[in-house]
Structures are given as structure tokens and as C-alpha cells.
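Structure first, then comments.
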Amino acid sequence: MRHPRRLFLAAAGALLAGCGFQLRQPPSFAFSTIQVFAGQNSLLADELRRNLGSAGTVRVVQPRSGDPVPDVVLEMLSEQRQKVVVGVNAAGQVREFQLRSLVRFRLSTPRGRELIPATELLQQRDISFNESAVLAKETEEALLFRDMQGDLVQQLMRRLGAVKAL
């Protein structure tokens, strides 16, 4: 009974190795320095800067006189969070919301050549509402917005990784 199980595990490992399966790697970028322009309180831009810095191949530079001129400039044109009512009961009480997180950005060289034109990314999640658990629903809403922000940062990283030539 032990030998068929071992044989099965060995065959499964060989199939995974043979099909080209590998864990997702951080994207490789065509640039080595980037400058991120965003609003002062942009949590999304802060998380993007952290992710770019931890990727290891890109250095995020600040708009100071001592820093080198960046290879590319990422402009966060707008960030919006919306909470829209999508469901009510017969008495007119809210039963469901849709949370939306929208970001517009563009990528260009310091000389103004556009690498990624103004692009909009949208994440949305549905959340039920119960007036007897308002505090729990507020916490769930904050967690969903943070999750959407992480998803938007990952989408931005993939878009930046898709830029091939400067």
C-alpha cells in the first residue's frame, strides 16, 4: 500500500516540474529608477513605493536636488473610493453596498515621452449591511478597501513590468 502512494507523489512532482509550473516571480522592469508623484496622503502610492523597493531591481527616487534623474515618472492622476447602495429591502433600508476603488495613472519619461497613457484601474467588492452589526461592517469595509488597494498595487506592478523599452 505504501509503494503506490509514493509512486503517485513522485509522478505528481514530475508532472508539475515537466509542465513548466513555477511560482510567480516579481516582474522585471525595463528601468532602474522611478519617481512616483501622488497626493500627500496617498496610501496606495506608499504601498506601491514599498513594493517597488522590495522588488530589488528598482530604486524609488524622491524629487530632491541630490537624487539622480529618474528613468521614468509615474503620475497618480487620481484616486477615488466610493461606497454605493446597490440593495434595499421593502422598508427602504440598505441591505447591500458596492465598494469601489479607482485609480488613474500614467507613466512617462522625464522628457515627456508617454510610455503608458492615462489608464484607469478599478476594483469593486460587494458587502452586505446589517444595522445591528454596524461596527463589524465598518471593520469589514476597511479590510475590503485595503484588499482592493493591494490588488490595485499588484496590477500597477504588472503594468509597469510590461513596459519593455524606454
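The values are calculated or read from the model by the stated rules, or taken from the named source; none is laboratory data. Predicted model only: the values in this text are computed from it and were never measured. Every residue, glycine among them, receives a Cβ derived from its backbone with ideal geometry; neighbour counts consider all protein chains shown.
How do the pairs read when you match residues in segment 143-156 that are within 16 Å of Gln98 (Cα to Cα) and without any contact (Cβ under 8 Å) to a residue 24 or more places away in the chain with residues anywhere that are surrounded by 15 or more Cβ atoms within 10 Å (Cβ to Cβ) and charged (D, E, K, R), using Cβ under 9 Å and keeping only pairs 6 or more apart or on different chains?
Listed pairs, sorted by first residue: Asp147/Arg125.
Which condition number does Leu48 fail, the rest of (1) surrounded by 15 or more Cβ atoms within 10 Å (Cβ to Cβ); (2) part of a loop (DSSP other than H, G, I, E, B); (3) not aromatic (Phe, Trp, Tyr) being met?
Status for Leu48: all satisfied but (2).
Mind checking which residues of segment 46-79 are in contact with a Pro (Cβ under 9 Å, 6 or more places away or on another chain) and among the basic types (Lys, Arg)?
Within segment 46-79, just Arg59 meets the criteria.
Yes or no: segment 125-132 includes at least one residue that is under 25 Å from Arg49 (Cβ atoms) and either in contact with a Ser or Thr (Cβ under 7 Å, 6 or more places away or on another chain) or of a type in the set (A, V, I, L, M) (or both).
No.
For residues that are among the charged types (D, E, K, R) and surrounded by 14 or more Cβ atoms within 10 Å (Cβ to Cβ), scanning just segment 63-80, find the one that is nearest to Ala30 (Cα to Cα). So that I can check it myself, show each step before the final result.
Quick first cut of segment 63-80, residues among the charged types (D, E, K, R) only: 64, 67, 71, 75, 79.
Subsequent filtering for residues that are surrounded by 14 or more Cβ atoms within 10 Å (Cβ to Cβ) retains 71, 75, 79.
Values: Asp71: 9, Glu75: 17, Glu79: 26 Å.
Among those that are among the charged types (D, E, K, R) and surrounded by 14 or more Cβ atoms within 10 Å (Cβ to Cβ), it is Asp71.
Does segment 21-29 include one or more residues that are within 15 Å of the chain's Cα centre (by Cα) and either assigned to a helix (DSSP H, G or I) or at pLDDT 95 or above (or both)?
There is no residue in segment 21-29 that is within 15 Å of the chain's Cα centre (by Cα) and either assigned to a helix (DSSP H, G or I) or at pLDDT 95 or above (or both).
Rundown of residues vs (1) more than 22 Å from Val73 (Cα to Cα); (2) more than 25 Å from the chain's Cα centre (by Cα); (3) charged (D, E, K, R), yes/no style:
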residue: Gly87; (1), (2), (3): yes, yes, no
residue: Gln93; (1), (2), (3): yes, yes, no
residue: Leu99; (1), (2), (3): yes, no, no
residue: Thr109; (1), (2), (3): no, no, no
residue: Ile116; (1), (2), (3): no, no, no
residue: Leu121; (1), (2), (3): no, no, no
residue: Ile127; (1), (2), (3): yes, no, no
residue: Leu135; (1), (2), (3): yes, yes, no
residue: Glu140; (1), (2), (3): yes, no, yes
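May I ask you to say which residue of Gln124, Gln98, Gln62, Gln80 is on the phi < 0 side of the Ramachandran plot, outside any strand (DSSP E or B) and touching a residue at least 12 places away in the same chain (Cβ under 8 Å)?
Values: Gln124 fails: outside any strand (DSSP E or B); Gln98 fails: outside any strand (DSSP E or B); Gln80 fails: outside any strand (DSSP E or B).
From the options Gln124, Gln98, Gln62, Gln80, the qualifying one is Gln62.
So, of the residues in segment 100-127 that are of a type in the set (A, V, I, L, M), at pLDDT 95 or above and touching an Asp or Glu at 6+ places or on another chain (Cβ under 7 Å), which turns out to be surrounded by the fewest Cβ atoms within 10 Å (Cβ to Cβ)?
Per the stated criteria, the residue is Leu102.
Can you find, within segment 31-85, the residue that is farthest from Arg125 (Cα to Cα) among those that are basic (Lys, Arg) and more than 17 Å from the chain's Cα centre (by Cα)?
Top of the filtered list is Arg64.
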